[in-house]
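To start, the structure itself, in structure tokens.
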Amino acid sequence: MDARIERVWTPGVAEDDESAVTVEANSWIVGDDEEVIVIDPGEDAAAVLDAVGDREVIAVICTHGHAAHVAAALEVAERDEAPVALHPADKLSWRSAIDGDDPEIEMAHGGAFEVADVALEVMHTPGHSPGSVSLYCSELDAVFTGDALLASGPAPHDHEYPDFPKQLNSIGEFLLDLPGETRVLPGHGEEITIAAASKRFDSWVTAGPGESA
């Protein structure tokens, strides 16, 4: 199997009531020496395209519609005329972040994308946003979770949890059902495994939304 996963750190800006705080977001590249899919291109198209090199971008997939993850989507996709994919429930977030066309592909739970010799299975994992999705690749033992699940637990948005119970339910129902050795590749920070997340899940439930970030 020639397919592999690469990470690109891209800067993002999280706005709060007092200041703009610069944070790093993870962009992921999945593919081989010929073609790739870009997951969450972030806000720095040049950094992503530099990592892609002369390989063909066949799709840009956004796990959710927040600006720190989608701002560069159209620019990255434009180079190779690739389609952009987003769950339709996050179109409002997309439109607040992007001055341009809507994504061409409306993702749905159970869909799949193929690249090189692997498949990315779409799982609708709402809570962080209505249209948050995770992408599971069984061949590479990895799941790309966006902000549905970080190493620290469920991710907030602008210091709040839009729907904490639903986010926990998505983690418990879909993500923790994956094999324990599966790598959790999130939208921010370092990776963990499903086994490690499973051990911490009860503590996230007990702590509640005030302590889980």
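The values are calculated or read from the model by the stated rules, or taken from the named source; none is laboratory data. Since the structure is predicted, the reported quantities are computational estimates derived from the model, not experimental observations. Glycine also receives a Cβ, built like all others from the backbone with ideal geometry; neighbour counts cover every protein chain displayed.
Output the number of the condition that Val13 fails; it satisfies all remaining conditions of (1) within 23 Å of Leu150 (Cα to Cα); (2) at pLDDT 95 or above.
Single failed check for Val13: (2).
Per-residue answers, yes or no, for (1) in contact with an Asp or Glu (Cβ under 8 Å, 6 or more places away or on another chain); (2) over 30 Å from Gly180 (Cα atoms):
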site	(1), (2)
Ala45	yes, yes
Arg55	yes, yes
His64	yes, no
His69	yes, no
Leu86	yes, no
Ile98	no, yes
Pro156	no, no
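Go through region 42-101 and tell me which helices (runs of 4 or more DSSP H), entirely inside it, have 1 or more residues that are at pLDDT 95 or above and either over 15 Å from the mean Cα position of the chain (by Cα) or at positive phi (or both). Walk me through how you get there before you give the answer.
On the way: elements: 45-52, 67-70, 73-79, 91-97.
Correct list: 45-52, 73-79, 91-97.
So is Ser132 at negative phi, within 10 Å of the chain's Cα centre (by Cα) and touching a residue at least 60 places away in the same chain (Cβ under 8 Å) or not?
yes
List every residue pair whose Cβ atoms lie under 7 Å apart, where the two residues are 6 or more positions apart in sequence or sit on different chains, the first residue falls within region 53-68 and is within 15 Å of Ala155 (Cβ to Cβ), and the second residue, located anywhere, is assigned to a strand (DSSP E or B) and among the hydroxyl-bearing types (Ser, Thr, Tyr).
Between residues of region 53-68 that are within 15 Å of Ala155 (Cβ to Cβ) and residues that are assigned to a strand (DSSP E or B) and among the hydroxyl-bearing types (Ser, Thr, Tyr), the close pairs are Thr63/Ser134.
List every residue pair whose Cβ atoms lie under 8 Å apart, where the two residues are 6 or more positions apart in sequence or sit on different chains, the first residue falls within region 144-171 and is under 10 Å from His188 (Cα atoms) and without any contact (Cβ under 8 Å) to a residue 60 or more places away in the chain, and the second residue, located anywhere, is surrounded by 24 or more Cβ atoms within 10 Å (Cβ to Cβ) and of a type in the set (D, E, K, R).
Hits for this filter: Ala155/Asp147.
Being farther than 18 Å from Ile29 by Cα, part of a loop (DSSP other than H, G, I, E, B) and either modelled with pLDDT of 95 or more or of a type in the set (Phe, Trp, Tyr) (or both) narrows it down to one of Asp202, Asp177, so name that one.
Asp177
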